[in-house]
Amino acid sequence: MALPMFLDEAEVTFVSGRGGSGAVSFHREKHVPRGGPNGADGGRGGDVILQADRARRTLYDFKLNPKYEAENGEHAMGNKRGKNGRYVIVKVPVGTVITDMDTGDVLRDMNVDGMKFVICQGGKGGKGNQHYTSSVRQAPNFAQKGASGEVVNCKLELKLLADVGLVGLPNAGKSTLISAISAARPKIADYPFTTIVPNLGVVKFGDGTFVVADMPGLIQGASEGIGLGHQFLRHVERNRVLVHVVESNPIDESDPVENYKLIEKELQLYSEEIFSRPRLIALSKIDIIPSSEFGALRERFEAFGHPIFPISAVSGQGLQPLLFEITETLAKVDAETEATVITPVLAEENEKFWDVVEEEDGFRVVGKRIIRMVDMTDLNNEEAVRYLHRRLARIGIIERLREAGIEEGDNVAIGDFEFSFTDQR
Ligand SMILES: Nc1nc2c(ncn2[C@@H]2O[C@H](COP(=O)(O)OP(=O)(O)OP(=O)(O)O)[C@@H](O)[C@H]2O)c(=O)[nH]1
Ligand SMILES: [Mg+2]
């Protein structure tokens, strides 16, 4: 029997901050009409950083909030540098796979707790006019604009693993419990073995979420393959916390304590390791046990040393304390497992790459750095545009366009910017 896979998905947009613009400014001193340029640089835009966090268990939050933006860098003011924009850290469950929706590329598998991934980098701050002096240009009247931030539309996908398993005899009320605490709607009936494959449900409690699996009922001999035996116990292997659901007032008048011991024995025979995992006892159907009998029953269960929760999945009684304890127990289990943290170093790959490609109606210059150069130029400022032209020439782009056969008046596109070529050799 294949394990049922429960896929959680969300579509999310991440936007990094744009850089602040550099300033055009000149020293001012008494009796000096115009000093040298001292315009400062704009601040850098904030990055959006994804971080794998095992305390996150589902993508539920991303359905409520599908957009995350980092802060823009501030513009420079005169000779004062603009402040950098604040970055944003977005926590995703360990195991989340990030796919770029525009290209279909898998960008990252966030498979290690603590791992960080800069999904969009903040735009660089623009340079102030003090950077543009030269022997022939002592009073540059232009500065650089801040670079745009990046927008990345992603799909997040997560294979849900159940954090919590509901185990117990058939008819104990496991399926009724999961349907009361999650959106899962399994079949419920008053005969044993109603559930034949595990059902998963996402439970939202407090600030967090966790995943619960409703298991088929176990019976004596399950550890040896009786009933649906091993197949069910295999699912339990993935649960870090077990809630043992015990009918407090069984219709067959069996003893709840003996029923409890029977299942615990099967768990132990199957695996000592699973048996040693944290256990909560849910005494179910307390709406149908006379309250005079309940006290004595509870006392007998206390001997086992696990927290006890009297519940009724039908009336809702006792469910909140149970969920609270599950959350606390999961947090404890998390804290005990050692985390490996890897922080990948951002590759500056492809930064310097550029090329000229011929298009139907002219030529296009491609390359991240070149496009950014144009994006950061104040195209309304003639002096800035002349400066851009000289830089493009120095990098060799004008030469390459000539080699590609460009002629006077042909169209050249760089990013969103288009101009017609004039050969000023
Ligand atoms: N009065 C009362 N009845 C309940 C409660 N919870 C479950 N039941 C009833 O108990 C019966 C069995 O419930 P299920 O939730 O199907 O039990 P299960 O543990 O999932 O059973 P299997 O799938 O066979 O292992 C159904 O008739 C439920 O309506 C409860 O809190 N109070
Ligand atoms: Mg069931």
- Item | Inter-residue pairs, beta-carbon under 8 Å, first within 21 Å of residue 177 (Cα to Cα) and assigned by TED's automatic domain parsing to the domain that holds residue 278 and in the range 289-314, second acidic (Asp, Glu) and surrounded by 10 or more Cβ atoms within 10 Å (Cβ to Cβ), 6+ apart | 307/325; 308/302; 309/325; 312/287; 314/287
- Message: When the residues of the range 175-197 are narrowed to those that are hydroxyl-bearing (Ser, Thr, Tyr) and touching a residue at least 60 places away in the same chain (Cβ under 8 Å), which ends up farthest from ligand 2 (Cβ to nearest atom)?
- Response: 179
- Message: If I filter the range 131-172 down to residues being within 16 Å of ligand 1 (Cβ to nearest atom) and not in a loop (DSSP other than H, G, I, E, B), which single residue comes out as farthest from residue 44 (Cα to Cα)?
- Response: 167
- For the subset of the range 178-187 comprising residues that are buried (at least 17 other Cβ atoms within 10 Å of the Cβ) and assigned to a loop (DSSP other than H, G, I, E, B), which member is nearest to ligand 1 (Cβ to nearest atom)? 186
- Item | Qualifying residue in the range 247-264 (condition: under 21 Å from residue 180 (Cβ atoms), of a type in the set (S, T, N, Q), assigned to a strand (DSSP E or B) and over 31 Å from the mean Cα position of the chain (by Cα)) | no
- Quick one: would you say residue 218 is without any contact (Cβ under 8 Å) to a residue 60 or more places away in the chain, more than 10 Å from ligand 2 (Cβ to nearest atom) and not small (Gly, Ala, Ser)? yes
- Filter result (at pLDDT below 95 and either within 17 Å of residue 23 (Cα to Cα) or touching a Phe, Trp or Tyr at 6+ places or on another chain (Cβ under 7 Å) (or both)) within the range 79-99: 79
- Item | Any chance residue 175 is within 16 Å of ligand 1 (Cβ to nearest atom) and polar (S, T, N, Q) | yes
- Note on the structure: Note on the range 150-174: residues farther than 30 Å from residue 19 by Cα and either away from ligand 2 (no atom under 14 Å from the Cβ) or surrounded by fewer than 20 Cβ atoms within 10 Å (Cβ to Cβ) (or both) are 157, 158, 159, 160, 161, 162, 163, 164, 170
- Query: Within the range 279-295, restricting attention to residues that are assigned to a strand (DSSP E or B) and within 16 Å of ligand 2 (Cβ to nearest atom), which residue is nearest to residue 312 (Cα to Cα)?
  - Reply: 284
- Item | Matching entry among 200, 177 (being in contact with a strand residue (DSSP E or B) (Cβ under 8 Å, 6 or more places away or on another chain) and farther than 28 Å from residue 91 by Cβ) | 177
- Item | Filtered residue count, the range 387-409, keeping only those that are touching an Asp or Glu at 6+ places or on another chain (Cβ under 9 Å) and surrounded by fewer than 17 Cβ atoms within 10 Å (Cβ to Cβ) | 7
- Note on the structure: Only one of 41, 105, 47 is surrounded by fewer than 21 Cβ atoms within 10 Å (Cβ to Cβ) and of a type in the set (Asp, Glu), namely 105
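Residues checked against (1) touching a Pro at 6+ places or on another chain (Cβ under 9 Å); (2) in a loop (DSSP other than H, G, I, E, B):
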{"residue": "8", "(1), (2)": "yes, no"}
{"residue": "11", "(1), (2)": "yes, no"}
{"residue": "14", "(1), (2)": "no, no"}
{"residue": "19", "(1), (2)": "no, yes"}
{"residue": "24", "(1), (2)": "yes, yes"}
{"residue": "40", "(1), (2)": "no, yes"}
{"residue": "49", "(1), (2)": "no, no"}
{"residue": "54", "(1), (2)": "yes, yes"}
{"residue": "73", "(1), (2)": "no, yes"}
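For the range 188-221, enumerate the residues that are assigned to a loop (DSSP other than H, G, I, E, B) and crowded, with 19+ Cβ neighbours inside 10 Å. Reasoning before the result, please.
Kept after step one, since they are assigned to a loop (DSSP other than H, G, I, E, B), are these residues of the range 188-221: 188-198, 206-207, 215-221.
Within the range 188-221, 195, 198, 215, 216, 217, 218 meet the criteria.
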- Query: If we scan the range 197-212, do we find a residue that is within 33 Å of the chain's Cα centre (by Cα), of a type in the set (A, V, I, L, M), away from ligand 1 (no atom under 15 Å from the Cβ) and over 19 Å from residue 10 (Cβ atoms)?
  - Reply: no
- Message: Can you confirm whether residue 236 is more than 19 Å from residue 176 (Cβ to Cβ) and either of a type in the set (A, V, I, L, M) or in contact with a Lys or Arg (Cβ under 6 Å, 6 or more places away or on another chain) (or both)?
- Response: yes
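The values are calculated or read from the model by the stated rules, or taken from the named source; none is laboratory data. Predicted, not measured: the structure shown is a model, and the values here were computed from it. No Cβ is skipped: glycine too gets one built from the backbone with ideal geometry, and neighbour counts run over all protein chains shown.
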